[in-house]
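Only one structure is covered here, and it is reproduced in the block below.
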Amino acid sequence: MERGSTAVAAAGPQPAARHHGNRHGRSEQARQAVLEAADDLLVEKGFTGVTIEGIAARAGVAKQTVYRWWKTKTDILLDAFLQDAAEALTPPDHGDLAPDLRAHLRQLALFLTRSDAGAVFKALIGHAQHDPAFAAALRSGYLDEQRRRDRLPLERAVERGQLAAGLDMAAEIDQLVGPLYHRVLVTAEPVDEAFTDRLVEAFLHRANVADVADVADAADAADVADAAETVSS
């Protein structure tokens, strides 16, 4: 979710502008304010420090308005996270599998480790461990949908003929993104580009897919070697 800047008048902080719904449904402005407030408060105060009252005050809406839209703070945080994920985690299409996967895994790593949404995700995963109903909502709302997005580069590669149609996509996606989530949620080891690129290289090797960039580099190196041999002879 894109964050806006908050202007502060010279006279000091001003009360938050209040947002109102309308007879046709939710006010989108108010909805976005609530989602952003929930994200911000979680980063500032942690999961236990986030309350419906605090979210409403930060967003500039009435508490009753928030309760009309969401039952709990976890419902708000989940909605905020799902919106962020849909905006940030749709894989690009470069027309080639290797750069698509590299870009997607790098973005996923940044999203989970460097963004407010990543902090929300870790809090939601923690809450899901002792709330089975919420765990099911998180799984259906994010994990299932994210696996669909994760498959897109592979599905496009099958359509282009880069990958075999019989590829076990579920297993390959597990091997591509599973180690990333393991580091984010379990070991807290770095999830840098070198790490995500190694995951991609391992997949390309398993799937016997040539990396167009590597092929081009090899061709350039061969051309240089041929030119050097011509000059020396």
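The values are calculated or read from the model by the stated rules, or taken from the named source; none is laboratory data. None of these values were measured; they are calculated from a predicted model. Heads up, the Cβs are rebuilt from the backbone with ideal geometry, glycines too, and the neighbour counts pull from every protein chain shown. The protein model used for the area step is the full one, side chains on, heavy atoms only, and it has no ligands, DNA or RNA in it. Shrake-Rupley method; radii C 1.70, N 1.55, O 1.52, S 1.80 Å.
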Which numbered condition D84 fails, given (1) at pLDDT 90 or above; (2) over 27 Å from V158 (Cβ atoms); (3) touching a Gly at 6+ places or on another chain (Cβ under 7 Å):
(3)
A213 vs. criteria at pLDDT 90 or above, on the phi < 0 side of the Ramachandran plot and touching a helix residue (DSSP H, G or I) at 6+ places or on another chain (Cβ under 8 Å)
no
Specify the residue that is most open to solvent (accessible area, probe 1.4 Å); the eligible residues are those in the stretch 126-136 that are out of contact with any Phe, Trp or Tyr (no Cβ under 9 Å at 6 or more places or on another chain) and assigned to a helix (DSSP H, G or I).
P132
Out of (1) open to solvent by 10 Å² or more (accessible area, probe 1.4 Å); (2) more than 12 Å from the chain's Cα centre (by Cα); (3) on the phi < 0 side of the Ramachandran plot; (4) of a type outside the set (S, T, N, Q), what's the single condition that is false for R106?
(2)
Which one of the conditions (1) surrounded by fewer than 17 Cβ atoms within 10 Å (Cβ to Cβ); (2) in contact with an Asp or Glu (Cβ under 7 Å, 6 or more places away or on another chain); (3) closer than 27 Å to A157 by Cβ does K63 fail to meet, given that it meets all the rest?
(3)
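Take the stretch 26-48 and flag every residue that is open to solvent by less than 30 Å² (accessible area, probe 1.4 Å) and within 21 Å of S115 (Cβ to Cβ). Please lay out each step first, then the result.
Step one: of the stretch 26-48, the residues open to solvent by less than 30 Å² (accessible area, probe 1.4 Å) are 27, 30, 33-35, 37-39, 41-42, 46.
Matches in the stretch 26-48: A33, V34, L35, A37, A38, D39, L41, L42, G46.
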Out of curiosity, is T113 in a helix (DSSP H, G or I) and either open to solvent by less than 50 Å² (accessible area, probe 1.4 Å) or farther than 21 Å from P179 by Cα (or both)?
no
If E87 meets every condition in (1) more than 20 Å from G178 (Cβ to Cβ); (2) in contact with a Leu (Cβ under 9 Å, 6 or more places away or on another chain); (3) open to solvent by 40 Å² or more (accessible area, probe 1.4 Å) apart from one, which number is that one?
(2)
Given (1) touching a His at 6+ places or on another chain (Cβ under 9 Å); (2) open to solvent by less than 50 Å² (accessible area, probe 1.4 Å), identify the lone condition not met by D79.
(1)
